[in-house]
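The values are calculated or read from the model by the stated rules, or taken from the named source; none is laboratory data. From a predicted model like this one, the values you see are computed outputs, not experimental measurements. Methodologically, a virtual Cβ is constructed for each residue, glycine included, from the backbone with ideal geometry; neighbour enumeration extends over all protein chains shown.
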Amino acid sequence: MLTPFMTGDADHRWYLDARVHVPDHVVYRWFEAETLLLNLNTGQYHGLNPTGGRLLQLLEETEGGVGEAVRRLATEYDVDEGQIANDMAEFCAQLAGRGLIEVDDDPRG
């Protein structure tokens, strides 16, 4: 199961300035305890914990703005935005690496 609180060595903070979307080849369903995603291109299922599922919902509600989704998530969980920003950027990198999200507006150029 993917969890948004995994830390990695690479700097993925640029995702905080990016816009992303769930591509057409990914279908997902929210459940109380987890969100299940299926990448139709690979046939692989992926599970997200409730926080990861909520981040996915927020990405849709904010039209893919990762930074805005992070701000809203921090407010909902009453956590300092800076505390979760790095984790959320890494989480987006993991989702993108599995083909579960795609970058619309890459601030790196």
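Some notes on this structure:
- Filter result for Glu68 (closer than 20 Å to Ala18 by Cβ, in contact (Cβ under 8 Å) with a residue 12 or more places away in the chain and either under 11 Å from the mean Cα position of the chain (by Cα) or in a helix (DSSP H, G or I) (or both)): no
- Residue check, Arg108 charged (D, E, K, R) and in a helix (DSSP H, G or I): no
- Count - residues of region 71-109 that are more than 15 Å from Arg19 (Cβ to Cβ), in contact (Cβ under 8 Å) with a residue 40 or more places away in the chain and charged (D, E, K, R): 3
- Leading residue by the ranking (modelled with the lowest pLDDT) among those in region 88-109 that are surrounded by fewer than 17 Cβ atoms within 10 Å (Cβ to Cβ) and farther than 19 Å from Tyr28 by Cα: Gly109
A quick yes/no check of all residues on (1) closer than 16 Å to Arg13 by Cβ; (2) of a type in the set (Lys, Arg); (3) surrounded by 15 or more Cβ atoms within 10 Å (Cβ to Cβ):
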{"site": "Leu36", "(1), (2), (3)": "no, no, yes"}
{"site": "Gly43", "(1), (2), (3)": "no, no, no"}
{"site": "Thr62", "(1), (2), (3)": "no, no, yes"}
{"site": "Gly65", "(1), (2), (3)": "yes, no, yes"}
{"site": "Asp80", "(1), (2), (3)": "yes, no, no"}
{"site": "Asn86", "(1), (2), (3)": "yes, no, yes"}
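- Qualifying residue in region 73-87 (condition: in a helix (DSSP H, G or I), of a type in the set (Asp, Glu) and touching a Pro at 6+ places or on another chain (Cβ under 8 Å)): yes
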